[in-house]
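To start, the structure itself, in structure tokens.
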Amino acid sequence: MSESPGLVLVGTPIGNLGDLSERGRAALEDADLIACEDTRRSGALLAHLGIGRREFVVCNEHTQARAAERVVEAIEAGRSVALVSDAGMPSVSDPGEHVVRAVLEAGQAVTVVPGPTAAVSALVLSGLSSGRWCFEGFLPRKGSARSTRLAEVANETRTTVLYEAPHRLDRTVADLASTCGPDRPVAVARELTKKFEEVWRGTLGEFVALDREPRGEYVIVLEGAPPAADLSDEELATRLSTELQSGKTRRDAVAAVVAATGVSKKRVYDLALSL
Ligand code: SAM
């Protein structure tokens with residue numbers, strides 16, 4: 001085993017530079033090599049902290065395999081290595097897990113300096129249930145991958161946290177409204193820890209009806225689906241309509257809704273006949 005402390009994952013601010021912890025700062029100061037998504041962005045963070053130049057290795061979705069090799073070589077040579085992403089926790093909708101796995105497979109240590117992450121920050125601000133929740137990150141952008149994931153999200157009974165880019169926010173909330181029904185409660189958190197931080201709370205349908213241009217960074221926090229026994233006829237009808245609109249026959253739409261909700265086939269079929 002080398003003398004290196006191994007790899008340290010460092011959470012960095014998601015907007016407010018005051019959120020970098022003392023331990024985070026020390027880990028960056030102590031690092032001989034920093035794996036980062038963007039050298040300009042991480043260079044600016046070091047400059048802000050008054051930390052001198054460090055050797056960087058770029059770790060993004062295209063370079064992470066090579067970056068992982070460099071990180072493992074450095075650790076085996078006894079050097080200290082820190083891994084950061086552009087903002088928030090590395091590995092949370094950001095590069096990182098590939099490097100972590102490579103370091104673990106090499107039998108080296110991994111530690112973490114936790115920092116802000118938009119997902120947890122939005123969850124705790126949402127006012128929705130935080131006892132059981134799940135993270136979906138970014139939805140697939142199109143095709144059956146997107147519709148399948150939307151159906152999974154619609155049926156999820158835990159609070160669900162999603163990330164979205166501003167220019168896709170309205171379409172994603174509209175798609176959620178048609179798969180989950182317009183009455184599902186949602187919180188949309190914007191620009192967390194920054195000057196224009198705000199959290200909008202209401203239903204999916206109310207959000208769709210808003211007239212404004214999304215700007216900045218957004219997290220969607222969606223209340224979980226009610227348990228199957230509590231599903232109203234209206235909610236089942238919305239699900240049936242979504243399935244029918246996607247091109248399914250009545251029989252297949254009924255089968256899909258039954259499989260997704262656990263509601264009896266007779267009840268769903270009778271509803272389908274009344275649509
Ligand atoms: N690693 C980051 C984390 O720990 O949250 C997430 C990186 S991901 C590439 C970027 C997405 O995170 C944005 O599109 C947005 O959905 C969310 N996000 C990041 N910073 C945010 C902020 N200050 N306010 C709201 N959402 C934010």
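The values are calculated or read from the model by the stated rules, or taken from the named source; none is laboratory data. Only a predicted model underlies this, so the values are computations on that prediction, with no experimental measurement involved. Quick reminder, even Gly has a Cβ in these numbers, built from the backbone with ideal geometry, and neighbours come from all protein chains shown. We work out accessible area using only protein heavy atoms, side chains counted, and drop any ligands, DNA or RNA first. Shrake-Rupley method; radii C 1.70, N 1.55, O 1.52, S 1.80 Å.
Can you compute log10 of I(q)/I(0) for the chain with the Debye formula, treating each Cα as one identical point scatterer, at q = 0.12, 0.13 Å⁻¹?
Rounded to two decimals, the profile gives -0.81, -0.90.
Rank Glu217, Glu37 by accessible area, highest first, at a 1.4 Å probe radius?
Numbers: Glu217 110, Glu37 45 Å².
Output order, biggest surface exposure first: Glu217, Glu37.
Per residue, how much accessible area does the chain have with a 1.4 Å probe, in Å²? Don't skip to the answer; put the middle values down first.
On the way: 14130 Å² over 275 residues.
Per residue, the chain has 51 Å² of solvent-accessible surface.
Per Stokes-Einstein, at 10 °C and 1.306 mPa s, what whole-number D in µm² s⁻¹ belongs to segment 117-225, with the Kirkwood radius over Cα pairs as the hydrodynamic radius?
For these conditions, the coefficient is 116 µm²/s.
Give me, ordered by chain and number, the residues 5 or more places off Thr157 or on other chains with an amide H under 5 Å from its own placed amide H.
Those qualifying (amide H under 5 Å, at least 5 residues apart or on another chain) are Ala225.
Below 8 Å between Cα atoms, with a sequence gap of 6+, how large is the relative contact order for the chain in percent? Before the final figure, lay out each step's value.
Working: 502 pairs, mean separation 46.9, N = 275.
Relative contact order for the chain comes out at 17 percent.
Over segment 28-163, what is the mean sequence separation of C-alpha contacts under 8 Å (at least six apart), divided by residue count, expressed as relative contact order in percent? Before the final figure, lay out the partial values.
Numbers: 170 pairs, mean separation 27.8, N = 136.
RCO, segment 28-163: 20 percent.
How tilted is helix 233-245 with respect to the longest principal axis of the chain? Cα atoms for both, answer in degrees (0 to 90, nearest 10).
In the chain, helix 233-245 runs at an angle near 80 degrees to the longest axis.
From largest accessible area down, sort Arg158, Arg184, Arg132, Arg53; use a 1.4 Å probe on the protein chains.
Solvent-accessible surface, decreasing: Arg53, Arg132, Arg158, Arg184.
Using protein chains only and a probe of 1.4 angstrom, how many square angstrom of Leu104 are accessible, to the nearest 10?
About 100 Å², ignoring ligands and nucleic acids.
Enumerate the lysines that Lys265 could reach by cross-link, defined here as Cα to Cα under 20 Å, with residues fewer than 8 away along the same chain left out.
Qualifying lysines at Cα under 20 Å: Lys248.
So how much accessible area does Lys266 have, in Å² to the nearest 10, using a 1.4 Å probe?
Accessible area of Lys266: about 140 Å².
Could you tell me what percent of the accessible area of the chain is made up of carbon and sulfur, with a 1.4 Å probe and every protein chain present? Could the numbers behind the result be given before it?
Details: 7030 of 14130 Å².
On the chain, the fraction of accessible area on carbon and sulfur atoms equals 50 percent.
Quick one: what does P(r) look like for segment 226-275 with 10 Å bins over all Cα pairs, in whole %?
Whole-percent P(r) values from 0 Å outward: 29, 63, 8.
Taking 0.36 nm per residue of sequence separation and subtracting the Cα-Cα distance, how much length would be gained by fully extending the chain between Lys142 and Ala165, in nm to one decimal?
Details: separation 23, 0.36 × 23 = 8.28 nm, distance 1.44 nm.
So the chain would gain 6.8 nm between Lys142 and Ala165.
Can you list the HN-Hα couplings for segment 40-49, worked out from phi with the Karplus curve (6.51, -1.76, 1.60; θ = phi - 60°), rounded to whole Hz and with x for Gly and Pro?
Ordered by residue, 3J(HN,Hα) equals 5, 5, 6, x, 5, 5, 4, 4, 4, 7 Hz.
Tell me the angle of helix 166-180 to the major Cα principal axis of the chain, expressed in degrees between 0 and 90 and rounded to the nearest ten.
So the inclination is approximately 40 degrees.
Spelling out what I want: for every residue of segment 181-192, take phi, set θ = phi - 60°, compute 6.51 cos²θ - 1.76 cosθ + 1.60 (Karplus), and round to whole Hz; glycine and proline get x.
For segment 181-192, the Karplus-derived couplings read x, x, 8, 5, x, 8, 10, 10, 9, 10, 6, 4 Hz, x marking Gly and Pro.
In whole Hz, what ³J(HN,Hα) sequence does segment 76-87 give by Karplus (6.51, -1.76, 1.60; θ = phi - 60°), x for Gly and Pro?
For segment 76-87, the Karplus-derived couplings read 5, 7, x, 8, 8, 10, 10, 10, 10, 10, 4, 7 Hz, x marking Gly and Pro.
Working from Cα positions, state the angle (0 to 90°, nearest 10) between the long axis of helix 250-261 and the longest principal axis of the chain.
Computed tilt is about 50 degrees.
By per-residue mean of other Cβ atoms within 10 Å, what is the highest-first order of 237-244, 203-210? Could the numbers behind the result be given before it?
Numbers: 237-244: 20.4, 203-210: 16.6.
Going by the mean number of other Cβ atoms within 10 Å, highest first, we get 237-244, 203-210.
Taking a 1.4 Å probe, which of Leu20, Leu222 shows the most accessible area, and what order do the others take after it?
On the way: Leu20 25, Leu222 0 Å².
Result of the area sort, largest leading: Leu20, Leu222.
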